[in-house]
Amino acid sequence: MRLRNISGSREIIGKSEFVVHGAEGKKGNWPGIFGNNNPIHIEIGMGKGRFLMDMAKAHPDINYVGIEKYSSVLLRAIQKMEKEREPLPNVRFIRMDAESVTDVFDREEVGRIYLNFSDPWPKDRHAKRRLPSKEFLARYDLILQKDGHLEFKTDNADLFRFAMGELDAAGWRAKKVTYDLHNDAEMMEGNVMTEYEERFSSKGNPIFKYVIERER
Ligand code: SAM
């Protein structure tokens, strides 16, 4: 997702209390940022932040960090937060390319990672940019607790097939998989919809999801 450049978005982001600035220096300091030792769950490529904020409301004892590459998109998440009656104390945003995620979180500092409707990058030469690629799984391996897991949802069959095919070589295994999330009672339990999920499921597209963990 890339929205039309909105003039002044960088300035608004620069002043926002919901955004963690200079996130690369925050490695190991997340309890200080949130003021507690609650677990940290992150969404990479959070878009306008609906999923992250709804999760934060449903789970006030978890700290949520949303990572988004584009200022124009992050601005929407900030605006959404500003519309809340009370800002959510357990949410922070970072504007960055997730390639640097290991500069932001320490080893095993993250309890769970969410990837929702990640950009497909359909050309083979761009496979490394796909967020469920083995290159990204290697980065997640460093920051995720040993017993932590990663959840990925998409309606893109090619991207899901690619993501499933990356697991073995990267040393991960699927704990749960569905090819039709919205008709899978067990995996739908506690499901929180993302903006893209709402849009594509309302068109009748099946939603694919896996939950993965490291091979032991
Ligand atoms: N997760 C949201 C949802 O499900 O509604 C948004 C999905 S949108 C298709 C993908 C988002 O991931 C875009 O906002 C895009 O800018 C962001 N993104 C893609 N690659 C990224 C990267 N390397 N680092 C951070 N954000 C990224």
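Ligands, DNA and RNA are left out, and with a 1.4 angstrom probe the accessible area of the chain is 51 Å² per residue. For a label point 7 Å from the Cα of Asp54 along Cα→C-beta, name the residues of region 141-178 whose backbone N is under 17 Å from it. Counting only backbone N, you get 151-155. Of the GluC sites (Glu not before Pro) in region 60-92, which ones lie in a loop per DSSP and count no more than 14 other C-beta atoms within 10 Å? Here the sparse-neighbourhood loop sites are Glu84. A DSSP coil position with no more than 10 other Cβ atoms inside 10 Å describes the following GluC sites (Glu not before Pro) in region 143-201: Glu189. The mean sequence separation of alpha-carbon pairs under 8 Å and at least six residues apart, normalised by the residue count of region 61-216, gives a relative contact order of 22 percent.
Given axes a ≥ b ≥ c from the Cα gyration tensor, I'd like to know whether region 117-190 is rounded (a/c under 1.5), prolate (a/b larger than b/c) or oblate. Oblate is the answer for region 117-190, as a/c is 1.5 or above yet b/c matches or exceeds a/b.
With a Förster radius of 35 Å applied to the C-beta separation of Asp119 and Asn37, the computed FRET efficiency comes to 0.55.
For region 64-216, compute Rg over Rh where Rg is the Cα radius of gyration and Rh is the Kirkwood radius from the inverse mean 1/r over Cα pairs. Walk me through the numbers on the way to the answer.
Details: Rg = 15.7 Å, Rh = 16.6 Å.
That ratio is 0.95, to two decimals.
Put Ser100, Ser202, Ser9 in order of accessible area, highest first, and with a 1.4 Å probe you get Ser202, Ser100, Ser9. Relative contact order, whole percent, for region 49-119 stands at 35, derived from Cα pairs under 8 Å and 6 or more residues apart. Averaging the Cα positions of each part gives two centres, and for region 11-35 and region 166-184 these lie 32 Å apart.
The values are calculated or read from the model by the stated rules, or taken from the named source; none is laboratory data. Nothing here was measured: the structure is a model prediction, and the numbers come from that model. We place every Cβ from the backbone using ideal geometry, glycine too, and count neighbours over all the protein chains shown. For the accessible areas, the whole protein counts, side chains as well, though only heavy atoms, and no ligand, DNA or RNA atoms are used. Shrake-Rupley method; radii C 1.70, N 1.55, O 1.52, S 1.80 Å.
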